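A quick write-up on the structure given underneath.
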Amino acid sequence: MNCPHTAAAQADRGTGTVVIDPMVQDLDGETARLRDAGVLARIDLLGVPAWTVTRHAEARQLLVDPRLVKNIDAWGLWQSGAVTHAWPLIGMIDAGRSMFTVDGAEHRRLRTKTSQALTPRRLEAIRPEIEKFTQELLDALDTARGDDGVVDLKAVFAQPLPMRVVGMLMGVDESQHAMLTRQYKAFFSMLTPQDERLALLAELDVFYTDLVREKTARPTDDLTSALILAEEGGEPLTEEEVVGNLKAMVAAGHETTIGLVLNAVRALLSHPDQLRMVLAGEVGWDAVVEETLRWDTPTTHLLMRFATEDITVGDDVIRKGEGLVVSYRTIGRDIEQHGPDADDFDITRPTRNRHMTFGHGPHICPGAALSRVEAGIALPALFTRFPGLRLAVPDEGITKLPVMTQNDMTAFPVLLD
């Protein structure tokens, strides 16, 4: 892997910096090391130094601090040329103009139509479609098992469900779903050479540009068309802005839900007493969803915000031009917020211990409610159809994908009965 190593990064190694493992070999250990490093921890991201916030209260404050912006031009290492497009994670930061990369009034302008398309009323309207997709994929699970009875819950169920849903919302034809899944998987993987990753980004730009132009000529009832069409008296989004929004939203809209569904299933199978409580109706599925989001977050590290002036947090200072990562998995295990048993999965945890896995402030995830609806449909349907569902391998045999920002699995082999 060809990664830049700045002088600053080299100097930090061995002096308290937590090196984020691109292969994700020990996520629990990494979470513990970050938590032990303090409220703000110095981290090394493939040779690039940054800060990360590891506590709930401080993260909540920083996520609404206007001195931290998404604009990459505020990053000192980018301005100086120490970080270039050779850095494997650059595509998650220099991702084109969209609601994910701007702040203030421009962010509100780019986000408004997306928020309007994902209102509670709209989500209730598409619930029957999500339920239909879920049942179709449960049928597919039943027929996809091998001679030994094993089937990959990720490949057949957890992965295609959110892609179908986000594809329906965006107006992406189902024939393109498998291609998009492959493209995003390769983009996020740390095993993909950087030249191939940059080529993937270019291919995605072409795909979404073609989609936007098609919807501009023949708009339909979907979010892509809504993003293109200007509100009366409003300023329309440019083609680049619509493409940027779509590219990021399809990625976030399916990756997060894959992790949420699989992590919830894994947690319940490894805590059979709690699974029995849910199946008996003693605890609701909403509690399962929220505790999974806190305990085993779909997003581990969210890249990146940049300080436009010095920001003091406790005894540390984020200097102007430095980058801040939000480590949501560590925040979800914050003992000060969630108590001394923060490392335990407990669906009876008091509701006062709320998490913020989907973010906080202006950039809170616009698809949070959608992901909750999908998981809230998929999980009870799965266990109702297959109450004897169990892992086909020991839990320690489940391996993580080499993805630094998402909490994703290579596969999830199960026996259905």
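The values are calculated or read from the model by the stated rules, or taken from the named source; none is laboratory data. For clarity, every value in this text was computed on a predicted model and none was experimentally measured. Because the Cβ atoms are built from the backbone with ideal geometry, glycine has one as well, and the counts that use them run over all protein chains shown. Accessible surface areas use protein heavy atoms only, side chains included; no ligands, DNA or RNA. Shrake-Rupley method; radii C 1.70, N 1.55, O 1.52, S 1.80 Å.
Worth a mention:
- Protection proxy ranking, highest mean first, for peptides 131-140, 68-77: 68-77, 131-140, where packing is the per-residue count of other beta-carbon atoms within 10 Å, averaged.
- Size of charge dipole - region 20-112 - debye, nearest 20, with Cβ of Lys, Arg +1 and Asp, Glu -1, no other charges: 460
- Where only DSSP H runs of four or more residues are counted, the chain gives -15000 deg cm²/dmol as its mean residue ellipticity at 222 nm, each run worth -39500 (n - 2.57).
- Normalised by the number of residues in region 353-416, the average gap of Cα pairs under 8 Å and 6 or more apart makes the relative contact order 25 percent.
- For A411, the residues 5 or more places off, or on other chains, whose built amide H falls under 5 Å of its own are T399.
- Calculated Rg and Dmax of region 305-379 using C-alpha coordinates, Å: 15.9, 45
- Over all other residues within a Cβ to Cβ distance under 12 Å of A178, the charged ones net out to +1, with Lys and Arg as +1 and Asp and Glu as -1.
- Expressed as a whole percent, the proportion of Cα-Cα pairs in region 141-232 lying more than 15 Å apart is 69%.
- Length-normalised contact order for region 203-359 - Cα pairs under 8 Å, 6+ apart - percent: 17
- Reciprocal of mean inverse Cα separation for region 75-171 (Kirkwood radius, Å): 17.3
- Here the dipole of region 268-345 is about 340 debye; that uses its Cα centre as origin and unit charges on the Cβ of Lys and Arg (positive) and Asp and Glu (negative).
- Probe 1.4 Å - accessible area at H85, Å² to nearest ten: 90
- For the residue pairs K132/K215; K132/K185; K247/K320; K132/K154; K70/K154; K320/K400, alpha carbon separations beyond 23 Å are given by K132/K215; K132/K185; K247/K320; K70/K154; K320/K400.
- Ligands, DNA and RNA left out, the accessible area of the chain computed with a 1.4 Å probe is 52% carbon and sulfur.
- ³J(HN,Hα) computed for each position of region 210-218 - Karplus, 6.51 cos²θ - 1.76 cosθ + 1.60, integer Hz, glycine/proline x: 4, 4, 4, 5, 5, 6, 5, 6, 9
- Note on the chain: Cα convex hull, mean projected area over all directions, 20.3 nm².
- Charge tally in the Cβ shell below 11 Å around T216, where Lys, Arg are +1 and Asp, Glu are -1, T216 excluded: 0
- Each Lys and Arg contributes +1 and each Asp and Glu -1, all at the Cβ; summed about the Cα centre of the chain, the dipole is approximately 520 debye.
- By accessible area with a 1.4 Å probe, ligands and nucleic acids excluded, highest first: order of L161, L279: L279, L161
- Contact order normalised by residue count of the chain, Cα under 8 Å, 6+ apart, percent: 25
- GNM flexibility winner over the chain from D94, D343, D315 (Cα, springs under 10 Å): D315
- Per residue, the chain exposes an accessible area of 42 Å² to a 1.4 Å probe, with every protein chain left in place.
- The Cα-based radius of gyration of region 32-107, divided by its Kirkwood radius, gives an Rg/Rh of 0.98.
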